[in-house]
Amino acid sequence: MAKTVAKPPRRMRAWIFRAGYNRKRIRRLMRMRDLMLPPRVHRRHGRPHLGQVQQPVSNQRWCSDVFLIPCWSGEVLSVVFAIDCHDREVFTWTASPRPLTGADIRTLMDKALWARFGEAALKAPHAIQWLSDNGPPYTATASVLYAYELGLVPITTPAYSPEQRPRRGVRAHVQTRLRQRRRAPRCGGRPRAARPVA
């Protein structure tokens, strides 16, 4: 047995599985002997998960999301927008024919601040929550730090939380835009041919 302990982990695991022990049995035995590592638990402090996104007053919480519009030419247009969680007004947006980056999100934050408080505003007059998903442009360190500089409090919604469900209003907005896009003429200006009436 002393020779097998000195084996590398992969070879040791193969030796254990060949001996007839499966992963569940090994985990159960390790748990009984307190050999398991503690599970990774990410605790989110500072906000309860109440599931209420809509706000009683404007400019308290803004929500942002990204959606893609495929064109008939094969190009994909990326659109990011900011929406007020009180009146559901889309007050600023940015579009690009390339995948969006953190710089595009920071530009959107600037445009959102200027749309609501004037172009002379360098910082929000009070803290405004900035809800978004966990996409790389939103969680980039530069985007998070820039949001704090502007007076925004970036909040990324964890997956499968009660707060995720009310964002259906944002998803509904995106789906409406995509439906309108499907009815629009083709990219390149050529109108669609009319369907023959039967």
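Here is how the numbers come out for the structure above:
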| read-out | value |
| --- | --- |
| The range 30-80, residues that are modelled with pLDDT of 80 or more, part of a loop (DSSP other than H, G, I, E, B) and of a type in the set (Gly, Ala, Ser) | Ser58, Ser73, Gly74 |
| Subset of the range 82-110 (residues that are charged (D, E, K, R), in contact (Cβ under 8 Å) with a residue 24 or more places away in the chain and within 21 Å of Ala142 (Cβ to Cβ)) | Asp104, Arg106, Asp110 |
| Residue, modelled with the lowest pLDDT, within the range 137-147, restricted to residues that are in a helix (DSSP H, G or I) and over 12 Å from Asp65 (Cα atoms) | Thr139 |
| Which numbered condition Phe91 misses (of (1) of a type outside the set (Lys, Arg); (2) part of a loop (DSSP other than H, G, I, E, B); (3) over 18 Å from the mean Cα position of the chain (by Cα)) | (2) |
| Selection status of Ala95, modelled with pLDDT under 90, in the same structural domain as Val66 (by TED's automatic domain parsing) and surrounded by fewer than 15 Cβ atoms within 10 Å (Cβ to Cβ) | no |
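The values are calculated or read from the model by the stated rules, or taken from the named source; none is laboratory data. Just so we're clear, the structure is a prediction, and the values are computed from it rather than from any experiment. Glycine also receives a Cβ, built like all others from the backbone with ideal geometry; neighbour counts cover every protein chain displayed.
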